[in-house]
Amino acid sequence: GAGVSQSPSNKVTEKGKDVELRCDPISGHTALYWYRQSLGQGLEFLIYFQGNSAPDKSGLPSDRFSAERTGGSVSTLTIQRTQQEDSAVYLCASSQAPSGSGANVLTFGAGSRLTVL
Amino acid sequence: AQSVTQLGSHVSVSEGALVLLRCNYSSSVPPYLFWYVQYPNQGLQLLLKYTSAATLVKGINGFEAEFKKSETSFHLTKPSAHMSDAAEYFCAVPGRGNNRLAFGKGNQVVVIP
């Protein structure tokens, strides 16, 4: 697609429920990233996918968080048994195949705003 | 791992006045530095990128940033603020393994008419 698409744009859920957030990256971008943006906290790295390699999950805050990327394209971030502290904007980004030098420019989606009541 | 520091979460500037947003990087000289901008209800978009080819980097919308090794800084400036510059600005540096970006906490810019 023309840009990174995320859905839903807004999600309100009750504490303890599971949620799924979807990201459709730019066609041809092999790298995909999830970040969490909380008020006053900047952007927190969650997980990184590159092609068929094992994902870098080092940023996931707890085992309630998981993500998968099917067919090297669409990704789903799942949060189980949501807590109020999970309330944030979840941003997805994609980039062309990283060179390993850190030069890649990330293209971000508009985000999914999660509110846990 | 590299990190960046942005001080002052909220910055108020009068329309027509200089915009100055500060960013300092940690430890060793990074190969790349970035400024991203986030307009309300939108994702982040690239404002400019430092690649060591030049210390003064020009970006979109009249913004520029200067890399200063002696000050470990990469401050963002714009000579004359416009109402449309109201947004959140993030400085970033390649993070661990160079497979991600590490972002500062951001500066929310408010432009006063």
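Take B:GLU66 and decide whether it is more than 14 Å from chain A (Cβ to nearest Cβ), part of a strand (DSSP E or B) and surrounded by 15 or more Cβ atoms within 10 Å (Cβ to Cβ). So B:GLU66 fits the description; yes. Residues in the range B:97-107 that are touching a Ser or Thr at 6+ places or on another chain (Cβ under 8 Å), touching a residue at least 40 places away in the same chain (Cβ under 8 Å) and either facing another protein chain (nearest Cβ under 7 Å) or closer than 13 Å to A:GLU44 by Cα (or both): B:ALA102, B:GLY104, B:LYS105, B:GLY106.
Yes or no, residue by residue, for (1) closer than 26 Å to A:ALA2 by Cβ; (2) surrounded by 14 or more Cβ atoms within 10 Å (Cβ to Cβ):
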position	(1), (2)
B:LEU33	no, yes
B:TYR50	no, yes
B:VAL57	no, yes
B:SER80	no, no
B:ALA92	yes, yes
B:ASN98	no, yes
B:ASN107	no, yes
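Screening the candidates A:GLY51, A:GLY71, A:GLY59 for the property of being farther than 28 Å from B:CYS91 by Cβ, within 12 Å of another protein chain (Cβ to nearest Cβ) and not aromatic (Phe, Trp, Tyr) yields one hit, A:GLY51. Filtering the range A:1-60 to residues that are farther than 24 Å from A:GLY102 by Cα and either in contact with a Leu (Cβ under 6 Å, 6 or more places away or on another chain) or not in a loop (DSSP other than H, G, I, E, B) (or both) leaves A:GLN6, A:SER7, A:ASN10, A:LYS11, A:VAL12, A:THR13, A:GLU14, A:VAL19, A:GLU20, A:LEU21, A:ARG22, A:SER38.
Would the range A:95-103 turn up any residue that is over 24 Å from B:GLU88 (Cα atoms), at pLDDT 95 or above and not β-branched (Val, Ile, Thr)? So far as the range A:95-103 goes, no, none of its residues is over 24 Å from B:GLU88 (Cα atoms), at pLDDT 95 or above and not β-branched (Val, Ile, Thr).
Entry remark, the range B:34-50: residues being facing another protein chain (nearest Cβ under 7 Å), more than 15 Å from B:VAL109 (Cα to Cα) and either in contact with a helix residue (DSSP H, G or I) (Cβ under 7 Å, 6 or more places away or on another chain) or in contact (Cβ under 8 Å) with a residue 24 or more places away in the chain (or both) number 0 in total. A:PRO98 meets all of the listed conditions (1) at the interface with chain B (Cβ under 9 Å from one of its Cβ atoms); (2) over 18 Å from A:THR115 (Cα atoms); (3) under 13 Å from the mean Cα position of the chain (by Cα) but one, namely (3).
Just one of A:LEU43, A:LEU39 is at pLDDT below 90 and under 21 Å from B:GLY43 (Cβ atoms); which is it? Every option except A:LEU39 fails the conditions. Checked against (1) within 14 Å of chain A (Cβ to nearest Cβ); (2) in a loop (DSSP other than H, G, I, E, B), B:ALA54 meets all criteria but (1). Could you grab me the full set of residues in the range A:105-117 that are facing another protein chain (nearest Cβ under 7 Å) and not in a strand (DSSP E or B)? Within the range A:105-117, A:VAL105, A:LEU106, A:GLY109, A:ALA110, A:GLY111 qualify.
Please go through the range A:32-73 and give me each residue that is among the small types (Gly, Ala, Ser) and crowded, with 20+ Cβ neighbours inside 10 Å, ordered by number. A:GLY42, A:ALA67 - these are the residues of the range A:32-73 that are among the small types (Gly, Ala, Ser) and crowded, with 20+ Cβ neighbours inside 10 Å. When A:GLY72, A:GLY102 are checked against the criterion of being assigned to a loop (DSSP other than H, G, I, E, B) and farther than 22 Å from A:GLY42 by Cβ, A:GLY72 stands alone in meeting it.
The residues of the range A:75-94 that are in a loop (DSSP other than H, G, I, E, B) and either surrounded by 20 or more Cβ atoms within 10 Å (Cβ to Cβ) or at pLDDT below 95 (or both) amount to a single one, A:THR82.
The values are calculated or read from the model by the stated rules, or taken from the named source; none is laboratory data. In this text, all values refer to a predicted model and were calculated from it rather than measured experimentally. For neighbour counting, all protein chains shown are included, and Cβ atoms are generated from backbone atoms with ideal geometry for every residue, glycine included.
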